[in-house]
Amino acid sequence: MSDIPGDLLFLKSHEWVRINDDGTATVGISDHAQEALGDLVYVELPEVGSTVEAGEGKGVAVVESVKAASDIYSPLSGEVVEVNEKLSDAPETINSDAYGDGWIFKIKYSNLGEKDDLLTPDEYSEVAESDDH
Amino acid sequence: MTDKTELNATHRELGARMVDFGGWDMPIAYGSQIEEHHAVRNDAGMFDVSHMTVVDLTGPSTREFLRKLVANNVDKLAKPGKALYTCMLDETGGVIDDLIVYFLREDFFRLVVNAATRVKDLAWIEKQAAAFGVSVRERPEFGMIAVQGPNAREKLIGLLPADVQEKARKLGKFAALETEGPDGMPLFLARTGYTGEDGFEVVVPNTRVVELWKHLHAAGVAPAGLGARDTLRLEAGMNLYGQDMDESVSPWEAALAWTISLDEGRDFIGRAALEQHKADGVKRVMVGLVMDEKGVLRHGQKVLTANGEGEILSGGFAPTLGKSIAFARIPAGEPGDVRVEIRGRDIPVRVVKFPFVRDGKPMEGIAG
């Protein structure tokens, strides 16, 4: 298992969020998730300007691997302010750099208090490990 | 309980991601499924297909029995070693399974049937065989490796003893040979496969299958998982039992008319129902779809045509084409502009003839 950057928080459904200094947060999927999904071939990005709710419920984006399609949820509520257009042509960027260039969308968060419901890297690491069994 | 092939530990040593496949613990990929796909298209790859079932039929009436059991005509098998792809139908013309029949001797034919259908296949075959006095013997002591790709045959032939290399090289397409492999291991070498590439399916005793796998690996044959096998066979236009056909589907509706032999005077199981079905007019057809837009066609998605709704059967991303393709079953007749409903949006697709890929190249009109 690859190292998990210490500044991230997670949903147990394998999305990560990095809270930026400017009131925005960047969202992606974990390295563990990309590995489990296998080769990614398509990412359906959310619309800029759309409003998203935190947590597992309504999918915000979709990643499709050769095997299957998976809904992506947002760890925080807010408004989508930017999407990673590069993924349209190179969805495999998520396979090669899940925590960096493979980010999926950014939101302007509306309630930072929601971060208390998220998992720390250590907590997420346990979830990912138990997934392997 | 999950079954394991003799190669299970070998797959794990190679770092394979294992999945449950019809009750078998099988490798879906060892690393990148797409790279494994390309390895088979461009060079040579191998698949553990030991979960498939070898069934040997013996007795003087075996050919007569097979004339009744399967919809294709085993009389096409004139020379020992020849193989035939066929459907085994029930009385209503539904597909119980698709399988390959190998003619070995007049009193000895070998079947290779799907893993997931093993139990029902054996029960059906035994029931039908009783009246013919044919002995039905499952051969769980055999493993099976499919070696596929433009360089697959030469890589495997290089491992054979000098005196059998020429025989193996001369083996025709859809034919098999009982021979000997490295260090005297007994091999049943069939020039068949499920990827659209040339190659061999090799039946070998379980006690030697790991040894053969390691020889092939050392000869530069890339291990490939069932994930790549699925994208390869979809590109090659080959049906998957359970997804593209089953008992509720007749071969007319599954693009398998070419495997039906309505030869005079042969009363195979399902024939009357098939003829009736054709006389009544076949209402659904199986077509190929190509999507030029981004996204992935998946099993179960709704297909909208001028004649009504259909559905995606096998669908997925085609690594050789860099876009998504699928089989769909749609109402018969001129379909007009066809669209597929993906997460609430109607995406236009093209209806095409399949195979989508042959000999490693996209067929004309597929790439768009």
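Kindly give Rg over Rh for the protein assembly as shown, based on alpha-carbon atoms, with the Kirkwood expression for the hydrodynamic radius.
1.02
Can you tell me the Rg and the Dmax, both Å, for the Cα atoms in chain A?
Considering chain A through its Cα atoms, Rg and Dmax are 13.5, 39 Å.
Can you give me the Kirkwood hydrodynamic radius for segment B:174-227, using every pair of distinct Cα atoms, in Å to one decimal? Don't skip to the answer; put the middle values down first.
Details: mean 1/r = 0.0829 Å⁻¹.
About 12.1 Å, per the Kirkwood formula over Cα pairs.
Evaluated at 4 °C with a viscosity of 1.567 mPa s, what Stokes-Einstein diffusion coefficient in µm²/s does segment B:163-294 have when Rh comes from the Kirkwood expression over alpha-carbon pairs?
70
Checking understanding here: applying a Kyte-Doolittle mean of at least -1.0 and a length along the axis of at least 15 Å (C-alpha), which whole DSSP H helices in chain B pass?
On the way: long enough: B:118-129 (16 Å, -0.63); B:206-218 (19 Å, -0.43).
Both cut-offs are met by B:118-129, B:206-218.
Where nothing but the Cβ of Lys and Arg (+1) and of Asp and Glu (-1) is charged, how large is the charge dipole of the protein assembly as shown around its Cα centre, in debye to the nearest 20?
Values: 53 positive and 83 negative charges, 518 e Å.
The dipole of the protein assembly as shown has a size of about 2480 debye.
What is the set of long-range amide H partners of A:Leu76 at a cut-off below 5 Å, with H atoms built 1.01 Å from backbone N?
Amide H neighbours of A:Leu76: A:Gly55.
Residues of B:316-324, mean number of Cβ from any other protein chain within 10 Å of their own Cβ, rounded to a whole number?
Shielding by partners across B:316-324 averages 3.
At q = 0.13, 0.20, 0.23, 0.24 Å⁻¹, work out log10 I(q)/I(0) for segment B:1-54 with the Debye formula, treating every Cα as an identical point scatterer and leaving solvent out; two decimals please.
-0.33, -0.74, -0.93, -0.99
Return the tail of the calculated pair distribution for segment B:40-198, meaning the percent of Cα-Cα pairs more than 21 Å apart. Please report the intermediate quantities before stating the final value.
On the way: 5951 of 12561 pairs.
Counting every Cα pair in segment B:40-198, those more than 21 Å apart make up 47 percent.
By a straight-distance test (C-alpha under 26 Å), which lysines pair with B:Lys167 as possible cross-link partners, with residues fewer than eight away in the same chain excluded?
Candidates past the 8-residue exclusion: B:Lys76, B:Lys79, B:Lys82, B:Lys155, B:Lys214.
Project the alpha carbons of segment B:239-362 onto their principal axes and report the range along each, largest first, in whole Å.
Each principal axis gives a Cα extent; for segment B:239-362 these are 51, 35, 24 Å.
For segment A:8-123, what is the charge dipole size about the Cα centre, in debye to the nearest 20, if Lys and Arg each add +1 at the Cβ and Asp and Glu each add -1 at the Cβ?
140
Considering the options B:Val101, B:Val249, B:Ala39, tell which one lies farthest towards the positive end of the dipole of the protein assembly as shown, charges being +1 on Lys and Arg and -1 on Asp and Glu at the Cβ, about the Cα centre.
Value: B:Val101.
Summing +1 for each Lys or Arg and -1 for each Asp or Glu, what net charge is found among the other residues whose Cβ lies under 10 Å from the Cβ of B:Glu247?
Result for the local shell: -2.
Quick one: Debye curve from the alpha-carbon atoms of chain B only, equal weights, vacuum; give me log10 I(q)/I(0) at q = 0.15 Å⁻¹ to two decimals.
Each listed q corresponds, in turn, to -1.40.
Which whole number gives the average, over all residues in B:341-348, of C-beta atoms from other chains lying within 10 Å of the residue C-beta?
Per residue, the average neighbour count from other chains is 1.
Evaluate Rg over Rh across segment B:194-262, taking Cα atoms for both radii and Kirkwood's formula for Rh.
Reported Rg/Rh, Kirkwood definition of Rh: 1.09.
Enumerate the aspartates and glutamates that A:Lys106 could reach by cross-link, defined here as Cα to Cα under 12 Å, with residues fewer than 8 away along the same chain left out.
Qualifying aspartates and glutamates at Cα under 12 Å: A:Asp22, A:Glu47, A:Glu79, A:Glu82, A:Glu85.
Just want the answer: with Cβ charges of +1 for Lys and Arg and -1 for Asp and Glu, which residue in A:Val63, A:Ile104, A:Val81 is farthest toward the dipole's positive end in chain A?
Comparing the listed Cα positions along the dipole, A:Val81 ranks first.
Peptide A:39-50: average number of partner chain Cβ atoms within 10 Å per residue?
Whole-number average of other-chain Cβ neighbours for A:39-50 is 3.
Taking segment B:104-202 as the region of interest, what is the percent of Cα-Cα pairs per 10 angstrom bin, listed from the shortest bin to the one with the maximum distance?
Going out from 0 Å in 10 Å bins, segment B:104-202 shows 13, 41, 31, 14, 2 percent.
With an 8 Å cut-off on Cα pairs and a minimum separation of 6 or more residues, tell me the relative contact order of segment A:8-123 in percent.
Numbers: 269 pairs, mean separation 37.5, N = 116.
It rounds to 32 percent for segment A:8-123.
Return B:Arg266, B:Arg63 ranked ascending by Cβ neighbour count within 10 Å, so the fewest neighbours appear first.
On the way: B:Arg266 14, B:Arg63 18.
Neighbour counts put them in this order, fewest first: B:Arg266, B:Arg63.
Under 18 Å between C-alpha atoms is the cut-off here; go through segment B:239-362 and count lysine pairs that meet it, provided they're at least eight residues apart or on different chains. Could the numbers behind the result be given before it?
Details: B:Lys283/B:Lys302; B:Lys294/B:Lys302; B:Lys294/B:Lys323; B:Lys323/B:Lys353; B:Lys323/B:Lys361; B:Lys353/B:Lys361.
Going through segment B:239-362 pair by pair, I get 6.
Putting +1 on Lys and Arg Cβ atoms and -1 on Asp and Glu Cβ atoms, find which of B:Met26, B:Gly81, B:Ile125 reaches farthest to the positive end of the dipole of the protein assembly as shown.
B:Gly81
Using only the Cα atoms, work out Rg/Rh for segment B:54-127, with Rh taken as the Kirkwood radius, to two decimals.
The Rg/Rh ratio comes out at 0.93.
Coordinate-derived values only; no laboratory data. All figures in this text were calculated on a predicted structure; none of them were measured in a lab. Counting neighbours? That spans all protein chains shown, and the Cβs are built from the backbone with ideal geometry, glycine included.
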